[in-house]
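J.: My questions all concern the structure below.
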Amino acid sequence: MSDQAAALRELISSLGTDPSRQRDSSGTQEKTAHIIAVTSGKGGVGKSNFTLNFALELQKLGRKVLVFDADIGMANIDVLMGVRSQYNLFHLLNREKSMSEIIQSGPNSLPFIAGGSGLTELFSLSEEDLLYFTRQIEEIAHDMDYILFDTGAGLSKETIRFITAADECIVVTTPEPTAITDAYALVKVVHDLEHAALFRLVVNRAVDRREAQQTADKIRLVAEKFLHLDIPVLGHVSDDPHVSQAVKKQTPFSIRFPNSQASKDIQELASRYAQQSLQVRADSPKGFKSFVRKLLKR
Ligand SMILES: Nc1ncnc2c1ncn2[C@@H]1O[C@H](COP(=O)(O)OP(=O)(O)OP(=O)(O)O)[C@@H](O)[C@H]1O
Ligand SMILES: [Mg+2]
């Protein structure tokens, strides 16, 4: 007991949601990263490509962004970036590497963490390891504006944890009916578990703005009717062969083909998001401590 128990009590109290606890000694609000979970109902709709290129665009706008590959089954953000991730969360949790050593640098120096096999361990940590992990990740979190988690598709226990703990959840869908119904199913399950969850829609692979709008409207109408839930649309990314070409070259499409339609769309979407999210952040200053507390609650 003794030292470890005291440290744990300190951790638990420091993870409280009371906003006053998030103020520093000068009384000003501590800077805290905004946590975004990117997810989808159906797999293969473009989450990882969206996360990576969205992060790069936010970074271009001067925001500090960290990408965390939280797809337990098939982590592949590093493949999309053409970077081989040597270390992941597993090495951190096993005390083989420090947090700064497992953060790797992608294109345009985008920092990212590969979850890898450490992700499953994350949910069954001993109290001592939990304390260690929390301290390590908090150190980087206060330096960031946004932390983007690229989650796996569908409704695994772990993905649901990430979504319900995040400040907001970006749901990616395509115009295909199967993607639409799966996106709605995901929203419904998460909403039933956590009424306060905030969702935003991104329609990927739309042929044009009209198809994107129609796709979003289908999900919004059903969510409004059956869940009394408003799901704002963040934007759309066009169906564009440059995306697949960039994937084959293992370079993010916004870097490889900056003038392609998909790149223009993601630029527009990111700049709108960067403006709107100031309001979301002001409205829900949950911050990183609340995120870790919820994510790893026993
Ligand atoms: N806007 C787009 N236009 C054309 N093709 C796209 C677009 N977005 C994604 N794709 C295609 O879909 C493929 C899958 O994309 P991605 O890996 O980002 O999906 P995902 O949702 O992360 O998949 P998973 O569920 O397996 O994690 C890409 O390799 C690319 O070929
Ligand atoms: Mg993916």
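None of the figures in this text is laboratory data; all of them are computed from the coordinates on show. Keep in mind that this is a model prediction, so the values were computed, not measured. Cβ: placed from backbone, ideal geometry, glycine included. Neighbour counts: every protein chain shown.
J.: Within the range 45-79, which residues have the backbone N less than 16 Å from the label spot 7 Å out from Q136 along Cα→beta-carbon, could you tell me?
T.: The answer is 68-70.
J.: Sticking with this one: How many percent of all Cα-Cα pairs in the range 194-249 sit more than 13 Å apart?
T.: When every Cα pair of the range 194-249 is considered, 63 percent fall beyond 13 Å.
J.: Another question, if that's okay. Which order results if H242, H142 are arranged by neighbouring Cβ count within 10 Å, fewest first?
T.: So the ranking, lowest neighbour count to highest, is H142, H242.
J.: Expressed in nm to one decimal, what extension gain is obtained for the pair R95 and V207 from 0.36 nm per residue of sequence separation less their Cα-Cα distance?
T.: 35.5 nm
J.: Fewest Cβ neighbours within 10 Å first, please rank L198, L92 accordingly.
T.: Fewest to most other Cβ atoms nearby, the residues stand as L198, L92.
J.: Using the basic label-point model (7 angstrom from Cα toward the beta carbon), what is the K297 to N76 distance in nanometres?
T.: 3.4
J.: Net charge around F253, counting only other residues with Cβ within less than 15 Å of its Cβ (Lys, Arg = +1; Asp, Glu = -1)?
T.: Within the 15 Å Cβ shell, the charges total +2.
J.: Can you check how the C-alpha radius of gyration of the range 38-295 compares to 2.2 N^0.38 Å, as a plain ratio?
T.: Here the Cα radius of gyration is 0.96 times the empirical estimate.
J.: Could you tell me which of the pairs K188/K289; K64/K297; K42/K297; K225/K289; K60/K218; K64/K157 are separated by over 31 angstrom between their Cα atoms in the structure shown?
T.: The pairs that break the limit, which is 31 Å between Cα atoms, are K225/K289; K60/K218.
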